[in-house]
Amino acid sequence: MNKKLIILFAVMCLLVVPQVSAFFTISHEYWVLQGFEDVDSPITRMCADRIDIVLDGQHSADIPVIHYFDEQFMSYISTHTRGSGYQACLERAGTDPDLLCFCYGMGLHNVEDHFAHTEDGVVPKYLSKYFSSNLLGHMIIELDFEGKHMELVKNSNVVTNGQLDYYDSIMLDNLFEEVGGDQKYLNLLQEMTGLDMRNDANIFANGYKGQGFYDTVYNQKLNLPWWFWGISIGFMIFGVGMAIVFIIFGNTTWKYSLIFIYLMIALIGLLILLSLYTNNSWEWVRMAISIVPISVADSDITFYNDAVQRATNQFLQTGNLLYDDNSGLSYVDRDGIKVSGALGEAEKSFQYIILPIAILLFALLNMFLMYKTFKGGGKKRKKK
């Protein structure tokens, strides 16, 4: 996962929001709520008074995104698969209707992510179109999609009657006894992933709700992954350190250009740390990525909304998950064949064209500015 070194700010985004959801959380919620209005089936009848549990099952599929850059990365892959995710969830749920509805939510998340992450999904389509990386472009595409999608459905009943806002405000509350939830959902997730996901669920929910990373609801201090501190503090030390070097040893006024560049690097690290305390990390992320000019066409907003809603409704009728993997990353299918992930394929133009050019240009800029900064090697000799 050396891509984590490409775009630091996207790393921060991955931590504080459900980034790899492909469709942002509120769009996921909309399709489920609309599906329950559209469909009359054994699943919807059993889960009609458990919609909050269904939605928390859906949200839970993305909780392991916290481990997108560490050795527990496969926990994220597992919740986005048919076998180790949805089917494993159903097997562990047994006959408990709460847990079954929770698992149907996880299945719904997979159904909907299929139209975002895979070969025909909206994210690979626009990554290729804009020669973008998965880490940065993925977020921008989903943010643009969310805004336009909410505008498209603003007059639907689940929006106008307040359902969508209500369920969005209680994200993952079922996982915590302190707010009326039940430990059994976290136990189920732990059985599936092998991880104690309480801390991860806290980070996920609090980052999304804008409550910060110090948990005021669950009476527990949240433990952020080590790389959050390492990368943010590392950028600050590196940026400030280089700026000091240029201040002390630079010979010409060109040094101020270098000082500015490296102080900007330090500032990025500082902003990431500050986001820990401001309790509005999500708004910082949205503001930062909204300035990048990647835009999903209105026709695709309508197309994917209709396609996802049809697939959501079909799943609520049958409970059958047709797709082996919905992460968009490389996987082995049910026949043992290795399949290259659509997200990785879509960003090859960025990896092999844009990124090398950007690195080369940054290196050349630094070489030029350093030459201008240090030329002369010291004080000029006075003319006789």
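A few comments on the model shown:
- Residue identified as of a type outside the set (V, I, T), modelled with pLDDT of 95 or more and out of contact with any strand residue (DSSP E or B) (no Cβ under 8 Å at 6 or more places or on another chain) among Y208, Y166: Y166
- Selection count, the stretch 232-255, where residues are over 30 Å from I203 (Cα atoms) and loosely packed, with under 15 Cβ neighbours inside 10 Å: 8
- Residue that is farthest from the chain's Cα centre (by Cα) [pool: residues in the stretch 90-144 that are free of Cβ contacts under 8 Å to residues at least 40 places away in the same chain and in a helix (DSSP H, G or I)]: E91
- Selected residue [surrounded by 24 or more Cβ atoms within 10 Å (Cβ to Cβ), under 18 Å from Y208 (Cβ atoms), modelled with pLDDT of 95 or more and out of contact with any Asp or Glu (no Cβ under 6 Å at 6 or more places or on another chain)] from V20, V54: V54
- Among the candidates D215, D144, the residue that is out of contact with any Pro (no Cβ under 9 Å at 6 or more places or on another chain), on the phi < 0 side of the Ramachandran plot, at pLDDT 90 or above and not hydrophobic (A, V, I, L, M, F, W, C) is uniquely D144.
- Every test in (1) modelled with pLDDT of 95 or more; (2) outside any loop (DSSP other than H, G, I, E, B) is passed by N155 save one, and that test is (2).
- On inspection, L274 fails the criterion of being at pLDDT 85 or above and over 23 Å from L33 (Cα atoms).
- Across the stretch 243-259, the number of residues qualifying as assigned to a loop (DSSP other than H, G, I, E, B) and of a type in the set (V, I, T) comes to 2.
- Checked against (1) closer than 25 Å to S295 by Cα; (2) out of contact with any helix residue (DSSP H, G or I) (no Cβ under 7 Å at 6 or more places or on another chain), T160 passes all but condition (1).
A quick yes/no check of all residues on (1) charged (D, E, K, R); (2) within 26 Å of S299 (Cα to Cα):
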residue	(1), (2)
N110	no, yes
I140	no, yes
E146	yes, yes
F176	no, no
R198	yes, no
N202	no, no
K209	yes, no
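- Just so you know, in the stretch 218-242 the residues that are aliphatic (A, V, I, L, M) and part of a loop (DSSP other than H, G, I, E, B) include one that is modelled with the lowest pLDDT, and it is L222.
The values are calculated or read from the model by the stated rules, or taken from the named source; none is laboratory data. In this text, all values refer to a predicted model and were calculated from it rather than measured experimentally. Note that each Cβ is placed from the backbone with ideal geometry, even for glycine, and that neighbours are counted across all protein chains shown.
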